[in-house]
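Structure first, commentary second.
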Amino acid sequence: MAEPVRAWRRPPPPPPPAVTDLPPEILADLKRLRLRLGDNLGGGTPELRRNRTAYDEALVLVADLLQIAGAPEPDLVIGRRILTFPERAMLEKAVVAAGVDIGLPHRSHLRAIGTGNEPSRPRRPPASVPAPAPSPPPPPVHVSRRARLTNEARVMRRRLDAYESDDRLWPTKVDEWCEDLDGFDALLIDLATEVGLPATALPGGDRRRLLSEERDAIEAGLTAVGVDLRGVRTP
């Protein structure tokens, strides 16, 4: 007796990259900003608000690269808004759990043991022993627009490769594929413009959806200038 026909389920997403595969400049920038902010993640001076905005953008980008469930899309945060306190706390916890060091202080949950009923207090060093000076923050690491667009395009390329390699069909596969393809095409055009590819390689007017031959030509042009979207890092 033949087996019953079962409805296809949506395939699981591709596994997230390991922490060692993430762009080191983004990780360094994320940690630098978190150390600079400390516990001041609310209001403050204009410089503090700028650092918090940059930190939120780096945090959502790392969360997207790690494919953390429930993380907001970078396009809905970067250049648009800051994270709420619950969103930021959730993303920080998930990113640290994935093995990323973002510079969060590790507070001990143990108290010093006192005598009798007196509250215990931390021991203070003698007056003659100077307190150690705090280590200076790491030097700032600038993440260029080209690097950010390249990382986002690599994430989208992995998604498209997953669609193409899976011959199964589920009800929303075509819609999801087309939506991701449109987003990838927009990233390709922005990245091609950023690296200075000839205008003849780009679609005319305001058209953002690429033909397959145009898409292949732009990816080949990007590879020729050292931008490989298939995950192979180039200098």
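The values are calculated or read from the model by the stated rules, or taken from the named source; none is laboratory data. Just so it is clear, the structure is predicted and the values come from calculations on it, not from any experiment. Cβ coordinates were reconstructed from backbone atoms using ideal geometry, including for glycine residues, and neighbour counts include every protein chain displayed.
Out of 223, 193, 200, which single residue is at pLDDT below 85 and part of a helix (DSSP H, G or I)?
200
Quick check: anything in the range 33-44 part of a helix (DSSP H, G or I), outside the structural domain of residue 180 (by TED's automatic domain parsing) and under 18 Å from residue 148 (Cα atoms)? Step through it out loud before you land on a result.
Taking the range 33-44 and keeping what is part of a helix (DSSP H, G or I), we get 33-37.
With the extra rule that they be outside the structural domain of residue 180 (by TED's automatic domain parsing), the set shrinks to 33-37.
With under 18 Å from residue 148 (Cα atoms) added as a condition, the list becomes 33.
Within the range 33-44, one or more residues are part of a helix (DSSP H, G or I), outside the structural domain of residue 180 (by TED's automatic domain parsing) and under 18 Å from residue 148 (Cα atoms).
Could you list, ordered by first residue, the pairs with Cβ atoms under 7 Å in which the first is in the range 96-107 and assigned to a helix (DSSP H, G or I) and the second is at pLDDT below 80, at least 6 apart or interchain?
96/104
Filter the range 64-91 down to the residues that are surrounded by fewer than 18 Cβ atoms within 10 Å (Cβ to Cβ) and of a type in the set (D, E, K, R) and list them by number.
73, 75, 80, 81, 88 - these are the residues of the range 64-91 that are surrounded by fewer than 18 Cβ atoms within 10 Å (Cβ to Cβ) and of a type in the set (D, E, K, R).
Among the residues of the range 54-95, what is the count of those that are of a type in the set (Ser, Thr, Tyr) and not in a helix (DSSP H, G or I)?
1
Pairs needed: first member in the range 54-83, on the phi > 0 side of the Ramachandran plot and touching a residue at least 12 places away in the same chain (Cβ under 8 Å); second member anywhere, of a type outside the set (Val, Ile, Thr) and in a loop (DSSP other than H, G, I, E, B); C-beta distance under 9 Å; at least 6 residues apart or different chains.
Note: pairs meeting the criteria are 67/13; 67/14; 67/15; 67/16; 67/17.
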